[in-house]
Each structure stands twice: as structure tokens, then as C-alpha cells.
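Data block below; observations after.
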Amino acid sequence: MLKFRLSIQFLITSALFLVFNSEAFAQEINFTNGTWKELTAQAAKSGKLIFVDVNTTWCGPCRLLKSTTFKDEGVATYFNQHFISYSVDAEKGEGETLAEQWKVRAYPTLLLVNAEGKIVSRQIGYVNAERLLNWGKESAAQRPVAAK
């Protein structure tokens, strides 16, 4: 009888854990850590574009984008499969140089950049999941396929 109670308690506890911690299992865009040089080398090797989220810590739309659009399952699946993703603070470290190089003047600015560092497409401001997914697909489709 004690084993039965413990089993039931375990099942209830596990179910409650899964219900209340479902965000722990939620899919989102996987942003790569590393330097810009490392990312461009990875892009050259893989033939993928680099998706760049240029943001700041004080930007409300940037935070909204991270908490909603980047956590959309469709967006996450597509972007994780087709792009190398990189999030950079335009006011810190390497982000300052990159934001200046790309002439970023508003936040968030979303970019698709090739391995040579050239911008393929630019999206400024908050976008919902549907719009980001469409932008990513359209931009990738217009890009010539790189020879491997």
C-alpha cells in the first residue's frame, strides 16, 4: 500500500511539475555565443546566413521580441534549422562596432548577414512571429545558393 501511495504521489508531483514548468521545455531561437569572426567562419563552412538581433538592454520592443516572437515554435524551428542566430547588444563590446558598421539607428534591428559580413536583408522594429517567419523565408529564398 505504501508503494502505491508513493507511486501516486510521484505521478501527481511529476504532472504538476510539467504543467507549471512547461516553459522549461518550450522551444526558442538558439542564439550562438562567440565572436563575430567565429560566426562568419561557421557561416562560411555551413553555407548558412547569420540572423542577427541587434538590441539594447533598455529597449522595450527588444524585450517583447525575445519573450514572444523568438519563443514561437514555428519561428524557432525554421530559424534554428536555416540560420546561425546571434544576439548582440549595440551598446556593449563587439556590438558597438557591429552596430556602427551596419548603420543601426533603431532597436530592435534584425539582420540577415552573409559570411562576408554583408547585409542580405534588414527588418527594423518589433515583428510578430508570422511576420518574422515570412521575412526569414523570403529573404533566404532570394539569396543565391552558395557553392560548397
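Exposure proxy shown here: for K118, K48, the number of other Cβ atoms within 10 Å sets the order, fewest to most, as K118, K48. At q = 0.11, 0.22 Å⁻¹, what is the log10 ratio I(q)/I(0) for segment 27-142, with the Debye formula run over Cα points and no solvent? So the normalised log intensities are -0.30, -1.37.
Values quoted throughout were computed directly from the atomic coordinates according to the rules given, and no laboratory measurement underlies them. Remember, predicted model here, so these are calculated numbers, not experimental data. When we count neighbours, we look across all protein chains shown, and the Cβ atoms used for this are built from the backbone with ideal geometry, even at glycine.
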